[in-house]
Amino acid sequence: MKFVLEVDMSDGAVAEDAAKELGRILRYWAGNVRHYELRPGDESAIHDSDHRDVGRWRIVEAS
């Protein structure tokens, strides 16, 4: 399996301060990952501090 995290850094709060926003996103999801079974197909949207959808994380089969 693979854990894939994709964040669009071209707009919004992430574009304004990438280090701050990516740090916040990673801390948030590190704390919440225990709430998921982490099986292929699991996924969720990622939001910046302005609550804008900026990406997704997902669990996929390894190729």
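The values are calculated or read from the model by the stated rules, or taken from the named source; none is laboratory data. Just so you know, these numbers come straight off a predicted model, no measurement behind them. Positions of Cβ are backbone-derived with ideal geometry, glycine not excepted, and every protein chain shown enters the neighbour counts. Each accessible area value is taken on the protein alone, full model and side chains, heavy atoms only, with ligands, DNA and RNA left out. Shrake-Rupley method; radii C 1.70, N 1.55, O 1.52, S 1.80 Å.
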Rounded to whole Å², per residue accessible area for the chain with a 1.4 Å probe reads 70 Å²
Take the Cα pairs of the chain, get the Kirkwood Rh, then feed it into Stokes-Einstein at 25 °C and 0.890 mPa s and tell me D in µm²/s. 202 µm²/s
As an exercise, use a Förster radius of 35 Å and the Cβ-Cβ distance of residue 62 and residue 16 to find the FRET efficiency, rounded to the nearest 0.05. 0.50
Per 0.36 nm of contour for each residue apart, how much would the distance between residue 32 and residue 5 grow if the chain were fully extended, relative to their Cα-Cα spacing? 8.3 nm
What whole-number distance in Å separates the alpha-carbon centres of the range 5-36 and the range 38-58? 9 Å
